[in-house]
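Written out below as structure tokens is the structure these notes cover.
Computed from the coordinates by the stated procedures, all read-outs in this text should not be read as laboratory data. In this text, all values refer to a predicted model and were calculated from it rather than measured experimentally. Cβ coordinates were reconstructed from backbone atoms using ideal geometry, including for glycine residues, and neighbour counts include every protein chain displayed.
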Amino acid sequence: MKIVVIGATGTIGRRVVEKLQSQHEVVSVGSSSGDYQVDITSVESIKKMYEDISNIDAVISATGGAAFTALPELSVEENQIAINSKLLGQINLVLIGQHYLNNNGSFTLTSGIMMDDPIRLGSSAAMANGGITGFVTSAAIELNNGLRINNVSPNVVEEALDKYGEFFKGFTAVPVDKVADAYVKSVEGAQTGQTYRIYN
Ligand SMILES: NC(=O)c1ccc[n+]([C@@H]2O[C@H](COP(=O)([O-])OP(=O)(O)OC[C@H]3O[C@@H](n4cnc5c(N)ncnc54)[C@H](OP(=O)(O)O)[C@@H]3O)[C@@H](O)[C@H]2O)c1
């Protein structure tokens, strides 16, 4: 399969690429790194990616930003970061990409544990995570041409504890390897409309 991994140079994406690259043709994509660059917050950039990279069987999105800000201080503008990036950025990869992917292809998006197990400063990211989850459940029943769609919702990963450990006090982090397996299951399996909650 030809698999486009967006966020391929990140903590999760790197491990996903390692798992897939021996069996598949993987195109690693970042905003400023990887084989190809895209900005998921730009519709034009996403369209260009699908025009430039042909014959795609699967798209994995292991990216999407959000502001970590306490709710009383969360401004409308700051909340828009998660809307533009984690929520609409990923959804636009599907809305646009459905017209480009090969038949029987797949999309795998990323949400996160905060939608189910809230933490301080997490409202904006949780909003995007819940939106992604609802979209995936619903889009799965309407995608044409045998296209499938799933969502991976990771707990904080052990390899990111230096960055996020302070936010996730009392959470038992999971190995990134286990999270990466869920992306492999989504791409190589037959399921659709699923949210893989990798919480323990
Ligand atoms: N790490 C965790 O513990 C954890 C837990 C739960 C959920 N998640 C979610 O999993 C996803 C990946 O997390 P991560 O920690 O692996 O991320 P990360 O290490 O920060 O890496 C982010 C990746 O996304 C790319 N990227 C950034 N902005 C982009 C844009 N506008 N367009 C396209 N690509 C862009 C980066 O490429 P460049 O470096 O080239 O910009 C990089 O490859 C995020 O949605 C995150 O919320 C992570």
Response to the item:
For the chain, longest principal axis from Cα atoms; helix 43-52 axis from its Cα atoms; angle between them, nearest 10 degrees, is 40 degrees
Worksheet item: Residues with beta-carbon under 12 Å from that of GLY112, excluding GLY112: net charge, scoring Lys, Arg +1 and Asp, Glu -1?
Response: 0
Practice prompt. Name the residue, out of ARG15, ARG148, ARG120, whose mean-square fluctuation peaks in a Gaussian network model built on the chain with Cα pairs under 10 Å.
Written response: ARG120
Worksheet item: About its Cα centre, how strong a charge dipole does the chain have in debye, to the nearest 20, once Lys and Arg get +1 and Asp and Glu get -1 at the Cβ?
Response: 300 debye
Response to the item:
If one compares the long axis through the Cα atoms of helix 11-20 with the longest principal axis of the Cα atoms of the chain, the angle in degrees, nearest 10, works out at 30 degrees
Discussion item. Order 85-96, 51-62, 165-176 from most to least packed using the mean count of other Cβ atoms within 10 Å.
Written reply: 85-96, 51-62, 165-176
Fill in: Packing rank of 3-11, 134-142, 67-75, where each peptide gets the mean count of other beta carbons within 10 Å, highest leading
3-11, 134-142, 67-75
Worksheet entry | Crossing angle, helix 176-188 versus the chain [Cα axis fit, 0-90 degrees, rounded to tens] | 30 degrees
Fill in: Fewest-first ranking of TYR196, TYR164, using other Cβ atoms within 10 Å as the exposure measure
TYR164, TYR196
Item to complete: Assign one of three labels to the range 2-198, namely rounded, prolate or oblate, based on the Cα gyration tensor with a ≥ b ≥ c the square roots of its eigenvalues; rounded applies when a/c is under 1.5, prolate when it is not and a/b is larger than b/c, and oblate otherwise.
Response: prolate
Response to the item:
Of the residues ASN84, ALA58, PHE167, the Cα lying farthest along the dipole of the range 2-198 towards its positive end, which is defined by charges on the beta carbon of Lys, Arg, Asp and Glu, belongs to ALA58
Item to complete: Would you mind checking LYS86/LYS163; LYS47/LYS86; LYS2/LYS86; LYS47/LYS178 for any pair whose Cα atoms are more than 22 angstrom apart?
Response: LYS2/LYS86; LYS47/LYS178
